[in-house]
Amino acid sequence: MLVSRIWQKKALSSGRRWLHPCISQNLTALLTSEQKASFLEFSSGSSFSTYSPASFCCDKARDLVNCNISYMKRYCFSSQAILDLPVGGIVDVPLAQTGEGIAECELLKWFAQEGDLIEEFQPLCEVQSDKATIEITSRYKGKVSQILHVPGDVIKVGDTLLKMIVDESQVPTSSPSDLGNAKPTCSELELELEKDKIGAVLATPAVRSLAKQHGINITDVLGTGKDGRILKEDIVKYAPQKESIKDPSDKTVPLRGFQRAMVKSMSLAAKVPHFHYVEEIECDSLVELKTSFQKNNPYPHVKHTFLPLLIKSLSMALSNYPFMNSCFNEDSLEVILKGSQNIGIAMATLHGLVVPNIKNVQSLSILEITKELARLQELASKNKLNPGDICGGTITLSNIGAIGGKFGSPLLNLPEVAIIAIGRIQKVARFVDDGNVYPASIMNVNIGADHRVLDGATVARFCNEWKRFIENPELLMLHMR
């Protein structure tokens, strides 16, 4: 025992050891009784040096076991030192699939930092796809060893977000036949850093982000830090050499999240043959009904507006014109008539345009629509909408009048076949048959339609039906369930 401890101490102090951790777990199982005896004889009675061509990987040892050594210099080896390697390993934590059809997400912020202890299911970071904002949680219990991305990076599904040090029980197991191909594990990142020194560069995520902002290939920069580490000052010094001549007041703004989604969806919509139908609707009765709701409101936290009334009246009209509440499958040339009326509401937020939808409007009361609309608006303002709030829309309503403007020419929110833009309600002069003038509250609507599915006559009849419910809101009582 004393001799073994002496050899172990010499092994630890004589030079750096790079060994595959799986040796400590699988060595005994791999050797026969005869090989064990030979190996112990070899390991307890030999001292090696890099100056000897037989250092460590002598013929006897090579025949016994492949120790999968990545790097070695000046050794005094003992079998006890191998068996005392730290237990556990490093695992990659990838960006999981966050929804159907989502290939990449933007990293918004980290909840964890390098060195933090993480519990299972603890949130690690927040990402945003083109459909929703999602929290990524940990599958493992362990310690964050390396963060590979910074906020603002666009990460593909399946790419590694960070590396974690976990217990051995959480590390994916390998069979003895896979010993030579197993990933090295250790309690520190020294091996990864050593690889960086040889084949890549040493730099913190913040420095890499700065290089990315300036369009600099970080491998082209000469690092002045310890071991060639690239510092912020190195990037700042190198940047003027790469920047092209441009107006210093110019600013490049990358599109992320919902803005990237709008680029894709509007590019597709521009290829669809649209036509627009414009109409004026008198809203005097609607204004009176909304005023009555406000005066007799038993719910202090509920704010009544015109929009829930317009949504419910739209649902009533859709019931008689199912093709307006449909989706078009271009590949099969089929129209899918939707059984649910999931009316999307376009919302302008600080994070871009987003269109959550109110599910099953045909089954909701005006009060229920009001509450659901308020919920969606609050989540949208906080960038907290989930995929279920955004997916599954059947027709879209864009209330540009809430901001300003009389008219708008909306583009389709595919695969829907219709979208409606409504302007602000304003007082205008109207003439009666006898020539007298009276004030009227008028709202302009512009219906954009997919001309592959809908024709002008269908849209006009639908608009007349919707107009009838708006101008005579008491008719809603006859059809509400």
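Just so you know, all these numbers are worked out from the coordinates, no wet-lab data involved. Small disclaimer: the values here were computed from a predicted structure and weren't measured. Note: ideal-geometry Cβ built from the backbone for every residue, glycine included; neighbour counts use all protein chains shown.
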Part-to-part distance (alpha-carbon centres) for the range 341-383 and the range 411-481, which is given in Å: 21
Neighbour net charge for SER209 - beta-carbon separation under 11 angstrom, K R +1, D E -1: +2
Packing-based exposure ordering (other Cβ within 10 Å, fewest first) of CYS125, CYS391, CYS327: CYS391, CYS327, CYS125
15 Å beta-carbon shell around SER409, net charge (K/R +1, D/E -1): -1
Cross-link pairs beyond the 26 Å C-alpha cut-off, checked among LYS406/LYS467; LYS303/LYS427; LYS109/LYS212; LYS156/LYS359; LYS264/LYS382: LYS156/LYS359
Packing-based exposure ordering (other Cβ within 10 Å, fewest first) of LYS141, LYS290: LYS141, LYS290
Ascending count of other beta-carbon atoms within 10 Å, so fewest first, for ASP153, ASP116: ASP116, ASP153
